[in-house]
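Have a look at the structure below, then the notes.
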Amino acid sequence: MNIYSKAAYMQDIKNTIDMTVAIEKLKNKKILVTGSTGTIGSYIVDTLLTYSKMCDGNICVYAACRNKDRYLERFRECPYEMHYLEHDMLKDIEFDMDFDYIIHVAGNAYPTAFTNNPVETIVGNVNSTYNILEYARQHSVRRVLYISSGEVYGNIAADIKGVKEDQLGDVDVLMPRACYPLSKRATENLCVSYNKEYGTDVVIVRPCHTYGPTITRNDNRANAQFIRNAVEGNDIVLKSSGEQIRSYCYVADCAAGILTVLINGKTAEAYNCANPDSVLTIADFARTIAGIAGTKIVMANPTNQDIANRSPIRNQILDSAKLCELGWKPTYKIEKGIGSVFNILK
């Protein structure tokens, strides 16, 4: 499917451009995006390229990915000029050039990887971020933006209805599934440590459960599975009661938040990125998709793999007030976001 031929997708991109505070400051800059074929990374690449074309921005975008075939599959139809750089997060950086900004999105971010490859998840997150920060230090990169995760909060108190950036909860360090939140915590600390010791300008964004038409085939998070099933006209399968409550954010809003932090965020600080109008249970998210797609929800017994993949976090509501103070205003409530996904993917 040529996503660029979809009017709804290009409208989403234009909305993201409009929502990004002071995006004009990115004109004439060289920007590296790692993890460029993922849900968030690919959308950010498209936003930067579209803005550069629409507004004579002269932004030079470098998309880093470990697999050129995957890169070509994702960007083959892209109508704008961009540059591919091979980058495997488990290996040393082999390219050598100067950038103004680095947006570091690369990393395992789906449950199967956490369950089957916990070592690679930890090593990939920590080592790749170290390599990026060291590269930025040696090449005098203006700023690095690190994409972390709302999972860093762990299990927070039930009475907290919106967790702020300084309210970390418990994570069971003896549970292999914790490879993801613990390595994200470690890499966040590595970022601020580089700022403290070397003066590297770093900002951090903690996205919540982000969904959109740029989901990848290997993404087995619940919301991605629900969307794929519904788009294909299949039933949405729930393998639990779905009572866990989550903050959600449409990728167009998320990308605007990330770019707003890149441009306007305070050095060595973290920002939650979640739509306050999109807080619902996993089951309600599934019902919303089913209602829009005209499909139905069926219950199924979970496999051992399904159980192992589950996050133990019941309450993951993020407070995005700090990001909103920068001028960010999400505009895609859950029905609008899901509706846009289906306009694009159907």
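The values are calculated or read from the model by the stated rules, or taken from the named source; none is laboratory data. What you see is a predicted model, and the numbers here were worked out from it, not measured in a lab. Positions of Cβ are generated from backbone atoms using ideal geometry, with glycine treated the same way; all protein chains shown enter the neighbour counts. Ligands, DNA and RNA are excluded from the accessible area calculation, which covers all protein heavy atoms including side chains. Shrake-Rupley method; radii C 1.70, N 1.55, O 1.52, S 1.80 Å.
Please list, ordered by first then second residue, the pairs with beta carbon atoms under 6 Å, 6 or more apart or interchain, first in region 87-107 and outside any loop (DSSP other than H, G, I, E, B), second of a type in the set (F, W, Y).
H104/Y146
Pull up region 139-171, narrow it to residues that are among the basic types (K, R) and under 21 Å from the mean Cα position of the chain (by Cα), then point me to the one that is least open to solvent (accessible area, probe 1.4 Å). Give the derivation first.
Going residue by residue through region 139-171, those that are among the basic types (K, R) are 142-143, 161, 164.
Within this subset, residues satisfying the condition of being under 21 Å from the mean Cα position of the chain (by Cα) are 143, 164.
Values: R143: 19, K164: 93 Å².
Of everything passing the filter in region 139-171, R143 is least open to solvent (accessible area, probe 1.4 Å).
Of all the residues that make up region 24-36, how many are open to solvent by 20 Å² or more (accessible area, probe 1.4 Å) and either of a type in the set (V, I, T) or under 10 Å from V61 (Cβ atoms) (or both)? Don't jump to the end; show me each part of the working.
Step one: filter region 24-36 for residues open to solvent by 20 Å² or more (accessible area, probe 1.4 Å), giving 24-25, 27-30, 35.
Cutting the leftovers down to either of a type in the set (V, I, T) or under 10 Å from V61 (Cβ atoms) (or both) gives us 29-30.
Going through region 24-36 one residue at a time, the tally reaches 2.
Those residues that are open to solvent by less than 60 Å² (accessible area, probe 1.4 Å), in a helix (DSSP H, G or I) and within 25 Å of E243 (Cβ to Cβ), I need them from region 292-338; list them, please.
Within region 292-338, A293, D306, A308, N309, I334, G337, I338 meet the criteria.
For residues in region 215-243 being open to solvent by 10 Å² or more (accessible area, probe 1.4 Å) and among the polar types (S, T, N, Q), which is modelled with the lowest pLDDT?
Of everything passing the filter in region 215-243, N220 is modelled with the lowest pLDDT.
List every residue pair whose Cβ atoms sit under 6 Å apart, with the two residues 6 or more apart in sequence or on different chains, where the first one lies in region 148-166 and is on the phi > 0 side of the Ramachandran plot and outside any helix (DSSP H, G or I) and the second, anywhere, is of a type in the set (G, A, S) and open to solvent by less than 30 Å² (accessible area, probe 1.4 Å).
G154/G169
One residue is enough: does region 167-180 have a residue meeting the conditions at pLDDT 95 or above and in contact with a strand residue (DSSP E or B) (Cβ under 8 Å, 6 or more places away or on another chain)?
So far as region 167-180 goes, no, none of its residues is at pLDDT 95 or above and in contact with a strand residue (DSSP E or B) (Cβ under 8 Å, 6 or more places away or on another chain).
Within region 113-138, how many residues turn out to be farther than 29 Å from F99 by Cβ and either open to solvent by less than 20 Å² (accessible area, probe 1.4 Å) or touching a residue at least 12 places away in the same chain (Cβ under 8 Å) (or both)?
Total meeting the criteria: 4.
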